[in-house]
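Below is one structure, written out as structure tokens; the observations come after it.
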Amino acid sequence: MRSIGSARSAALYVLSASLPLYPRPETGEVARNGRERVISRSGRAETLLRESFRKYSLDSRDRRLATELVYGVIRNLITLDYSLSFYIKDPGKTPPDVLDILRLAAYQILYLDKIPPRAAVDEAVEQAKSLSDPVRGRPTGGFVNAVLRSMLREPEKVKFPGPDKPLDYLSLRLSYPKWLARRWTERFGIDGAKALMEAVNERPPLVIRANLPLVDRDSLAELFKKNGLETEPGKYAPDALIVRSHRPVPELPGYGEGLFSVQDEAAQIVSLLVAPKPGELILDACSAPGGKSAHLSSLSRGGARIVSMDISLDKLALLKENSLRLKTADIFPVAADAAGEMPFSQAEKNSPSPLKGEVEILEPSPSKGGGEAEGRVGAGGGFDRILLDAPCTALGIIRRRPEIKYARDSADIARMAGLQLLMLENVSGLLKPGGILVYSVCSMEPEEGEGVVESFLSRHAEFSLEDPRPLLPEPVDRPRGETHGLVMNNFIRTFPHMHGTDGFFMARMICR
């Protein structure tokens with residue numbers, strides 16, 4: 001029982017600091033005040049899990065189980081709470097810490113088959129015994145035991161809405177806020193929305209990128225094979241490998257030597273659109289934690305100069321750390337806000353030199369990489385290429401960060417689109433004539449994708465959209481000459497249920 005108990009304790013530690021309050025069962029909507037408790041909108045569960053591993057001294061087996069429990073509960077939160085509401089007389093009055101224990105046990109009972117249900121109940125009761133219950137005025141252990149035993153004894157009590165109420169069904173059965181279920185149903189139809197939600201609820205694969213020129217994909221796959229690990233090549237990105245392993249990433253062969261970086265295929269396609277060349281000056285405008293900057297360095301074989309800009313000093317520190325591991329000596333971190341003042345001069349309309357003088361940045365040590373000493377990089381002629389991987393609602397990466405679907409509401413989409421357009425306007429002035437501007441977001445929402453780019457292009461006749469297909473490799477599962485299935489109207493969109501990748505939007509523009 002040690003593995004279950006230790007993993008449950010770690011999982012409870014994470015959930016108690018991260019989950020929203022009880023959703024209203026009749027709608028599946030998360031209460032507004034619940035959003036204040038949601039993990040800080042960008043991967044907080046992952047951070048808390050790492051803390052819990054140290055706090056509870058978990059071995060690799062316990063770490064896998066704790067991770068499964070945490071992400072399983074978060075992915076299925078609305079469904080779990082709805083199901084529990086049939087066994088709790090007044091679920092809104094259940095204390096959050098007790099509810100978290102019930103959620104953990106309910107997930108094990110309803111979704112996992114390797115842990116006996118009675119063992120899950122016993123563990124939950126033991127955890128609950130340490131809690132007092134001032135609301136009910138009776139031992140919490142007895143309450144938890146009664147709820148879970150009833151769930152085991154009478155599973156038929158849970159009734160989900162039928163086909164006549166598709167939005168309620170999708171929201172409650174697949175665990176999505178009703179506003180998001182409605183939105184995706186309007187875009188994709190009921191069957192399409194259901195397929196998308198189911199794909200997003202799946203555990204995502206581990207995808208890595210071979211770090212050229214240190215190693216190519218085939219050699220990296222061979223290294224993994226020698227270490228007993230199965231891999232398969234990605235479908236859309238030439239350096240992508242899909243790894244079938246439960247090992248922690250730092251324990252994979254070649255990690256310490258910088259032979260690979262963890263990066264979904266959709267994210268890898270973004271850098272292919274930038275298509276950097278040796279000798280060019282490139283701006284990665286919202287770069288941290290540095291995955292795309294590192295890929296740009298790899299694609300240029302270290303011959304470009306990449307200014308990696310971000311507003312967050314903490315994230316830039318992580319970028320420098322990653323640069324050291326990946327041995328990228330051509331990445332220059334700079335702290336600045338793409339939506340505000342930047343340490344570059346705006347381009348003048350008809351000037352051949354959009355940037356004046358030199359740019360103050362942190363210049364890396366050639367032997368170590370990653371930016372350690374103060375220095376300068378000349379930028380007298382403007383940037384040759386600019387990548388704006390803009391902050392967004394991140395609704396395209398819910399399968400990796402399931403807490404996102406509870407931390408957003410419909411108003412966030414319009415708010416982020418406004419910020420994205422502001423950033424695009426701001427950085428576009430730093431591009432030299434003939435330069436390339438790539439815009440991307442890890443969102444599937446058209447307001448953040450096509451809407452932003454079309455609005456920008458309507459104001460800037462000097463920019464035009466380019467066909468990205470010549471820059472894409474032929475997918476391995478499609479005949480040569482057939483459409484890639486990614487490109488529509490010269491925009492690239494990827495979807496979890498169509499391509500097996502994260503949900504991204506990308507556009508490549510040229511400044512005439």
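The values are calculated or read from the model by the stated rules, or taken from the named source; none is laboratory data. Computed from a prediction, not measured in an experiment: that's the story for all the values here. Glycine gets a Cβ as well: all are built from the backbone with ideal geometry, and neighbour counts include every protein chain shown.
Residue-by-condition table, conditions (1) part of a helix (DSSP H, G or I); (2) at pLDDT below 95; (3) of a type in the set (A, V, I, L, M):
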{"position": "Ala417", "(1), (2), (3)": "yes, no, yes"}
{"position": "Leu421", "(1), (2), (3)": "yes, no, yes"}
{"position": "Met444", "(1), (2), (3)": "no, no, yes"}
{"position": "Ser455", "(1), (2), (3)": "yes, no, no"}
{"position": "Ser458", "(1), (2), (3)": "yes, no, no"}
{"position": "Val476", "(1), (2), (3)": "no, yes, yes"}
{"position": "Gly481", "(1), (2), (3)": "no, yes, no"}
{"position": "His484", "(1), (2), (3)": "no, yes, no"}
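Considering only residues in region 48-61 that are surrounded by fewer than 15 Cβ atoms within 10 Å (Cβ to Cβ) and closer than 30 Å to Thr393 by Cα, the one that is farthest from the chain's Cα centre (by Cα) turns out to be Glu51.
Count of region 278-321 residues, restricted to those that are acidic (Asp, Glu) and either part of a loop (DSSP other than H, G, I, E, B) or more than 23 Å from Val441 (Cβ to Cβ) (or both), is 2. Scanning region 242-269 for residues that are among the β-branched types (Val, Ile, Thr), more than 17 Å from Ser323 (Cα to Cα) and not in a strand (DSSP E or B) returns a single hit, Ile269.
Inside region 415-439, can you point out the residues that are in contact with a Phe, Trp or Tyr (Cβ under 6 Å, 6 or more places away or on another chain) and either surrounded by fewer than 17 Cβ atoms within 10 Å (Cβ to Cβ) or of a type in the set (Ser, Thr, Tyr) (or both)? None; the set is empty. The single condition among (1) exposed (fewer than 14 other Cβ atoms within 10 Å of the Cβ); (2) in a loop (DSSP other than H, G, I, E, B) that Pro161 does not satisfy is (1). Consider Arg217 carefully, then state whether it is over 19 Å from the mean Cα position of the chain (by Cα) and modelled with pLDDT under 95. No. For first residues located in region 87-113 and in the same structural domain as Arg8 (by TED's automatic domain parsing) and in a helix (DSSP H, G or I), partners that are exposed (fewer than 15 other Cβ atoms within 10 Å of the Cβ) and modelled with pLDDT under 85 and lie 6+ apart or on another chain with Cβ distances below 6 Å form the pairs Lys93/Val135.
Return only the number of the condition from (1) hydroxyl-bearing (Ser, Thr, Tyr); (2) within 21 Å of the chain's Cα centre (by Cα); (3) closer than 29 Å to Met444 by Cβ that Thr231 does not satisfy. Among (1) hydroxyl-bearing (Ser, Thr, Tyr); (2) within 21 Å of the chain's Cα centre (by Cα); (3) closer than 29 Å to Met444 by Cβ, the lone unmet condition for Thr231 is (2). Report yes if some residue within region 186-199 is touching a Gly at 6+ places or on another chain (Cβ under 9 Å), small (Gly, Ala, Ser) and assigned to a strand (DSSP E or B); otherwise report no. No, the conditions are met nowhere in region 186-199. Residue pairs whose Cβ atoms lie under 6 Å apart, separated by 6 or more positions or on different chains, with the first residue in region 267-294 and over 23 Å from Val215 (Cβ atoms) and the second of a type in the set (Lys, Arg) and modelled with pLDDT under 95, are Leu281/Arg305; Ala288/Lys315.
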